[in-house]
C-alpha cells in the first residue's frame, strides 16, 4: 500500500514538473503580452461602461428634477385658476351667484384637467428618459462583456500557438 501511494505521489510530481517545462519562454512571452493587452482592453471597456452609466444617471436625475418642476408649475396654475374662480363667485351679485358657481366649477374642472395633462406628460418624459438610461447601461454592460470575451479568446489563441 505504501509503495502504491509513493508511486502515485511520484507520478503526480513528475506530471507537474513536465507540465511546467512544456511551455517555452517564447510562448510564455506571447501569452504574457496577450494577457497584458487583454487586461488593458477590459479596463478600457469597464471605464467606458462606468462613464456611460454616469451619463445615464445624470440624465435621469435631470429628468426627475424637470418633471418635479413641471408638476409644481401645473399645480400652481391649477391653484391660481381655483382662486380666480372662487373670487369671481364671491364678487357675483346674489341673483347671478348660481350662474357664477356653475361657471366657476367649469373653470376649476378645466384647470384640473389641464394640470393633470401636464403632470402626465412630465411623468411620460421622465419614464422615457429612465427607460433610455437603462437601455444605455445594459448596452454598455454587454459591450464590456464582449470585450472580456474577446480578450479571453485572444489570450487562448496566443497560448495555443505555442
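Within region 48-62, is even one residue loosely packed, with under 14 Cβ neighbours inside 10 Å and farther than 30 Å from residue 146 by Cα?
Yes, region 48-62 contains a residue that is loosely packed, with under 14 Cβ neighbours inside 10 Å and farther than 30 Å from residue 146 by Cα.
Among the residues making up region 78-93, those that are out of contact with any helix residue (DSSP H, G or I) (no Cβ under 6 Å at 6 or more places or on another chain) and closer than 30 Å to residue 126 by Cα are 79, 80, 83.
With 76, 140 as the choices, which residue is in a helix (DSSP H, G or I) and surrounded by 14 or more Cβ atoms within 10 Å (Cβ to Cβ)? Please lay out each step first, then the result.
On the way: 76 fails: surrounded by 14 or more Cβ atoms within 10 Å (Cβ to Cβ).
Testing whether each residue is in a helix (DSSP H, G or I) and surrounded by 14 or more Cβ atoms within 10 Å (Cβ to Cβ) leaves just 140.
Identify the residue in region 108-120 that is over 29 Å from the mean Cα position of the chain (by Cα) and crowded, with 16+ Cβ neighbours inside 10 Å and, among all such residues, is farthest from residue 72 (Cα to Cα). Show your work before the answer.
From region 108-120, those over 29 Å from the mean Cα position of the chain (by Cα) are 108-115; that's our starting set.
Those still in the list that are crowded, with 16+ Cβ neighbours inside 10 Å too: 108, 111, 115.
Numbers: 108: 17, 111: 14, 115: 9 Å.
Out of the qualifying residues, it is 108.
Against the criterion of being exposed (fewer than 12 other Cβ atoms within 10 Å of the Cβ) and on the phi < 0 side of the Ramachandran plot, residue 105 does not qualify.
Are any residues in region 31-47 exposed (fewer than 14 other Cβ atoms within 10 Å of the Cβ) and over 17 Å from the mean Cα position of the chain (by Cα), and if so, which ones? Break it down stepwise before answering.
Step one: filter region 31-47 for residues exposed (fewer than 14 other Cβ atoms within 10 Å of the Cβ), giving 32-33, 36, 39-40, 43-44, 47.
Within region 31-47, 32, 33, 36, 39, 40, 43, 44 qualify.
A single entry from 54, 81, 100 fulfils the requirement of being free of Cβ contacts under 8 Å to residues at least 60 places away in the same chain and within 30 Å of the chain's Cα centre (by Cα): 54. Kindly check whether there is at least one residue in region 105-121 that is within 30 Å of residue 51 (Cα to Cα) and in a helix (DSSP H, G or I). Yes, region 105-121 has at least one match.
Taking the criterion of being surrounded by 12 or more Cβ atoms within 10 Å (Cβ to Cβ) and free of Cβ contacts under 8 Å to residues at least 60 places away in the same chain, the residues of region 121-137 that qualify are 121, 122, 123, 127. Taking the criterion of being at pLDDT below 95 and under 28 Å from residue 136 (Cβ atoms), would at least one residue in region 55-75 satisfy it? No, that holds for no residue.
The values are calculated or read from the model by the stated rules, or taken from the named source; none is laboratory data. Just so we're clear, the structure is a prediction, and the values are computed from it rather than from any experiment. In this analysis, Cβ positions are derived from the backbone assuming ideal geometry, glycine residues included, and neighbour counts consider all displayed protein chains.
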